[in-house]
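J.: Would you mind keeping the following structure in view while I ask a few things?
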Amino acid sequence: MELLDYIKASTMLERYGIRSVRSSYVSTPEEAIKFAGKKSIVLKLISDKALHKSKAGLIRVGLFDEGLIRNAFEYLTDRGKALKPYKIIAQEMASSGIEIIIGSNVDPQFGKMVLIGLGGIYVESFKDTSLRVCPITKNDAQDMVDQLKSSTVITYDGKSRDMIVELIVKVAKLVQDNDISELDLNPVIIRKNGYDVVDIRILK
Ligand code: ADP
Ligand code: MG
């Protein structure tokens, strides 16, 4: 299995109408500052040697000025010495919301499956997920959302429920159309009027 490059993964999502936050590899603090413009950014170190970035302290969020960006960049390149080869990615800082996970894998018996659940730090502690075999219709996706214990927590209103349902259907289509053995959008940050995919992992 091979991990798809982050930017390629994000382009692949885009083709299925799934937006992820603006992201770009940066190789100098100046590039990161230029990427930020006047906005807050996040810097992340990506390396095969550290798959769980936040646990390893490889994410710096809320970088709202040049000084913070320079410090974070220096900190990450220093950490990177032990994690070569690595890349640093700059991302637009998403506003806060509720974090969900949308994932997919291949079951030896049933084939491609899609999972949704409460994301971020809650994935392991609440184990509140629902799972379906592909193909997944809009109705299936609605059931998946409604079956979650946290259903009312992650859907603010009918509109945001529809938005999550649509995302599930799009993810199911993407994994069905392509040679993908695992996919994780973790988290997708859900807000009342939108969403932000901030972490993508696709294994071919
Ligand atoms: P990992 O899963 O490898 O630890 P993530 O990229 O998922 O790393 O980031 C961990 C957490 O950091 C996310 O759950 C989210 O809370 C926060 N985060 C990551 N990227 C962003 C971003 N672009 N905007 C806002 N918050 C972010
Ligand atoms: Mg993640």
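J.: Can you tally the lysine pairs in the range 106-202 where the Cα-Cα distance is under 13 Å and the two residues are eight or more apart, or on different chains?
T.: 5
J.: What does the accessible area per residue of the chain come to in Å², with a 1.4 Å probe and no ligands, DNA or RNA counted? List each step's numbers first, then the result.
T.: On the way: 10840 Å² over 204 residues.
Each residue of the chain exposes 53 Å² on average to a 1.4 Å probe.
J.: What is the dipole size for the chain, taken about its Cα centre, with +1 at each Lys and Arg Cβ and -1 at each Asp and Glu Cβ, in debye to the nearest 20?
T.: Details: 30 positive and 27 negative charges, 68 e Å.
Using Cβ point charges on Lys, Arg, Asp and Glu, the chain gives about 320 debye.
J.: What residues qualify as long-range amide H neighbours of Gly119, i.e. H under 5 Å apart, gap of 5 or more or another chain, H built at 1.01 Å from N?
T.: Hits under the 5 Å cutoff: Glu99, Ile100, Ile101.
J.: Per the helix-only calculation at 222 nm, which mean residue ellipticity applies to the chain, given -39500 (n - 2.57) for every DSSP H run of n ≥ 4 and division by its residues, nearest 500 deg cm²/dmol? Before the final figure, lay out each step's value.
T.: Numbers: 7 runs with 72 residues, N = 204.
Using -39500 (n - 2.57) per qualifying helix, the result is -10500 deg cm²/dmol.
J.: Over the range 69-134, with every protein chain in place, what whole percent of the accessible area is carbon and sulfur at 1.4 Å, could you tell me? Let's see the in-between values first.
T.: Details: 2020 of 3640 Å².
The computed percentage sits at 55.
J.: I'd like to know which of Ser10, Ile59, Ile46 lies farthest towards the positive end of the charge dipole of the range 1-62, counting +1 on Cβ of Lys and Arg and -1 on Cβ of Asp and Glu.
T.: The Cα lying farthest towards the positive end belongs to Ile59.
J.: Using per-residue counts of other Cβ atoms within 10 Å, averaged over each peptide, order 130-142, 159-171 from highest down. Mind showing how you got there, number by number?
T.: Details: 130-142: 16.2, 159-171: 19.5.
Ranking the peptides 130-142, 159-171 by packing returns 159-171, 130-142.
J.: Here's a follow-up. Less than 26 Å apart at the alpha-carbon level, and either on another chain or at least 8 residues along: which lysines does that give for Lys84?
T.: Lys8, Lys34, Lys44, Lys49, Lys53, Lys55, Lys204
J.: Can you tell me which of 75-84, 29-38 comes out highest on packing, and rank the rest after it, using the mean Cβ neighbours within 10 Å?
T.: Working: 75-84: 13.8, 29-38: 15.8.
Ranked by mean Cβ neighbours within 10 Å, highest first: 29-38, 75-84.
J.: Same structure again: Dipole size in debye (nearest 20) for the range 25-143 around its Cα centre, Lys and Arg Cβ +1, Asp and Glu Cβ -1? Intermediate values should be presented prior to the final figure.
T.: On the way: 17 positive and 14 negative charges, 63 e Å.
It works out to roughly 300 debye.
J.: Given an 8 Å cut-off on Cα distances and at least 6 residues of separation, report the relative contact order of the range 66-161 as a percent.
T.: On the way: 84 pairs, mean separation 16.7, N = 96.
Contact order relative to length: 17 percent.
J.: Among 7-17, 87-97, how do they line up by average Cβ neighbours within 10 Å per residue, starting with the highest? Don't skip to the end; give the middle numbers.
T.: Numbers: 7-17: 15.4, 87-97: 17.8.
So the order, starting with the most tightly packed, is 87-97, 7-17.
J.: Given Cα pairs under 8 Å that are at least 6 residues apart, what percent is the relative contact order of the chain? Spell out each step's value before the answer.
T.: Details: 373 pairs, mean separation 50.2, N = 204.
About 25 percent, as a whole number.
J.: While we're on this one: Which shape class, rounded, prolate or oblate, goes with the chain when its Cα gyration tensor gives a ≥ b ≥ c as root eigenvalues, a/c under 1.5 marks rounded, and past that a/b bigger than b/c marks prolate?
T.: Working: a/c = 2.06, a/b = 1.59, b/c = 1.30.
Since a/c reaches 1.5 and a/b is larger than b/c, the shape of the chain is classed as prolate.
The values are calculated or read from the model by the stated rules, or taken from the named source; none is laboratory data. Values in this document were obtained by computation on a predicted structure and should not be read as measured data. Glycine also receives a Cβ, built like all others from the backbone with ideal geometry; neighbour counts cover every protein chain displayed. Remember, those area values only see protein heavy atoms, side chains included, never the ligands or the DNA or RNA. Shrake-Rupley method; radii C 1.70, N 1.55, O 1.52, S 1.80 Å.
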